[in-house]
1. If you take the charge dipole of region 3-433 about its Cα centre, with +1 on Lys and Arg Cβ and -1 on Asp and Glu Cβ, which of Q23, A191, V266 is farthest toward its positive end?
2. Report the full-extension gain for the segment D251 to I94: residue separation times 0.36 nm, less the Cα-Cα distance, to one decimal in nm.
3. Between G354, G91, G69, find the one with the highest GNM mean-square fluctuation for the chain; connect C-alpha pairs within less than 10 Å.
4. Per DSSP helix of 4 or more residues, -39500 (n - 2.57); summed, then divided by the residues of the chain. What does that give at 222 nm, rounded to the nearest 500?
5. Can you compute the modelled spin-label distance between A335 and F407, with each label point 7 Å from Cα toward Cβ, in nm?
6. Choose one answer from L264, L368, L402: the residue with the largest mean-square fluctuation in a GNM of the chain with alpha-carbon springs under 10 Å.
7. Along the Cα→Cβ direction, 7 angstrom out, place labels at R13 and K433. What is the inter-label distance in nm?
8. When the chain is fully extended, how far beyond the present Cα-Cα distance does L198 get from A60, taking 0.36 nm per residue of separation?
Amino acid sequence: MTAHLPLDDIRRRLDAAPMSGTQILAVATTILLSAVDGFDVLSVTFAAPAITHDWGIDKAALGVVLSAGLAGMAAGSFFLAPLADWLGRRGLVIASLILMAIGSCGSAAAGSIGVLTAWRVVTGLGIGACISVINPLAAEFANARRRPFAVALMSLGYPAGGLVGGLVAAALMPVHGWRAVFVAGAVATIALMPVVLLFLPESPGFLAARGGTHHLARLDRLLARFGHHDIAAQPSGRPREIGYRLVFAPDRIGTTLRLSVANLLVASVSYYLLSWLPQLVADTGQDAATASLISATMSLIGIVGGLLVGGLANRFGQSRVTAVAVIGLGLSIAAFGAASLSTMSLFVLAGLCGFCLFGSAAGFYGVLARGFGDAERASGSGFVIGVGRVSSAVSPLLAGYLFAAGFGRTGVSGGFAAAALVAAALLFIHARKGSVR
């Protein structure tokens, strides 16, 4: 006999039950989506030394190119991600992949800095929307016990994509040039579309929040796929608020603002490092292929950092563990800025930076998943991530102008390191205040 339960009771039952194969495959798909995001975001950084050489541009112009995709990501997080709370998260993922593929193809064919910049904005729109949506999807498809680890694994798709991207760039560029890197990104994005259609269902949180006969029927079918054939959703009888109205409600606005400012600072530090590392390495006399390998090393060690943070979060507290990782990020960037120019020291310090950077990212996505409820999670994540994308778009541009003005690697890196320490302090405050959910 099928029991008709209120939506909150269904959520509690899903949280307590073991994860089904459908849920595990859905989380795995978000990891692949994160990996493609990482490849597409970092593709321009891998190609940057070769673009600089081929087109003879200075660092200020390169900073504009590096920031263009990140500006698009900010716009995608702010303006496209909230559509997921109205139109569905699975559909927005597909639309995001289409934008990313078009942008990558256009980048590969670009013949000038202006055209390349425009296509990077298009790519960024898709990436920004996708990243904002896959964070709540990973959280919603996991049960309570596995949720922090599932979100951490999702976030680690990003450095995995960066690792593969660095290796692919190192192999392709000496033979086919920098345009081949963008072609590879487009191929990977297109290949992922059927995987999404097959293995990523609509989120139960979205279906529950929308209500209505049609959405509740879809939720019942989804519950059956999860192995819960004996329960069905009971209509609430009242519409539920969704979107930004809940994100800025009196009981949530403190969480929204704390996480937004912390992410603004962490993102500025992270994307200074992610965007400029290959070029800074090339400035020491290394060739473009070696710079890509050092960047790939950062991503490889970053996976270890993310797994460690994900494993420690449940034991010691998500926000506290993340704050410690952010402190490590600040210190490691300061050390990279003061490093000697030997190849070995660059590999070691890039690995240390990656460990702390992606450990911070894995932890922060876990903090974010706990900061919002099902009804507003996509909008809340989109807003917080969008704020971070604004700073991530500005920081490579700012760094480019600082370098062009004569500030050295040590001074610029030290300034970004200080921002990381401020972000860590905010996360410790958030740990004391607690999250919404």
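1. The listed residue farthest towards the positive side: Q23.
2. Extra length from D251 to I94 when fully extended: 53.2 nm.
3. In this elastic network of the chain, the residue with the biggest mean-square fluctuation among G354, G91, G69 is G91.
4. Per the formula, -28000 deg cm²/dmol.
5. 2.3 nm
6. It is L402.
7. 3.6 nm
8. 45.3 nm
Read-outs throughout are calculated quantities, based only on the coordinates presented, and are distinct from any laboratory measurement. A quick note: this is a predicted structure, and the numbers were derived from the prediction, not measured. We place every Cβ from the backbone using ideal geometry, glycine too, and count neighbours over all the protein chains shown.
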